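Presented below is the structure to which this report refers.
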Amino acid sequence: MKKIVVLIACLALMAPGMAFSFDISGWESANKDRGQWAWFTGQAQKCDQTIPVPGSKTRAEWEQMLTSGSGLPCDGAGLSQRTIKHIYLFLDSHASDSDDPMNQKPESCG
């Protein structure tokens with residue numbers, strides 16, 4: 001019983017750090033449209049903070065934010081490893097230092 005309690009305590013301490021940093025490798029083959037939906041609409045279903053537009057940060061800043069998990073809206077609630085590659089492609093394609101920066105939220109995203 002004591003081992004189980006110790007195991008649960010260890011997992012509880014490790015989980016917050018693991019939950020909000022993401023592996024973005026292979027993002028080049030993701031779907032940008034799916035990323036836009038997941039970033040603005042999907043994330044907003046679980047987060048009441050303002051979701052920043054891609055043009056508010058550079059590509060390097062977005063990469064750092066997603067891989068470290070620091071600075072994410074609602075501490076990453078609403079994001080998942082399943083959709084993060086799509087989100088990163090979307091953010092990278094429309095970052096402030098990209099060829100097509102997005103500086104306002106599209107009307108289609110509510």
Condition test on Arg82, is it within 20 Å of Asn31 (Cα to Cα), loosely packed, with under 13 Cβ neighbours inside 10 Å, among the basic types (Lys, Arg) and at pLDDT 85 or above? yes
Checking the conditions here, which among Gln49, Gln64, Gln45 is more than 9 Å from the chain's Cα centre (by Cα), surrounded by fewer than 16 Cβ atoms within 10 Å (Cβ to Cβ), at pLDDT 90 or above and not charged (D, E, K, R)? Gln64
Of the conditions (1) touching a helix residue (DSSP H, G or I) at 6+ places or on another chain (Cβ under 6 Å); (2) at negative phi, the single one that Gly71 does not satisfy is (2)
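The values are calculated or read from the model by the stated rules, or taken from the named source; none is laboratory data. Small disclaimer: the values here were computed from a predicted structure and weren't measured. Positions of Cβ are backbone-derived with ideal geometry, glycine not excepted, and every protein chain shown enters the neighbour counts.
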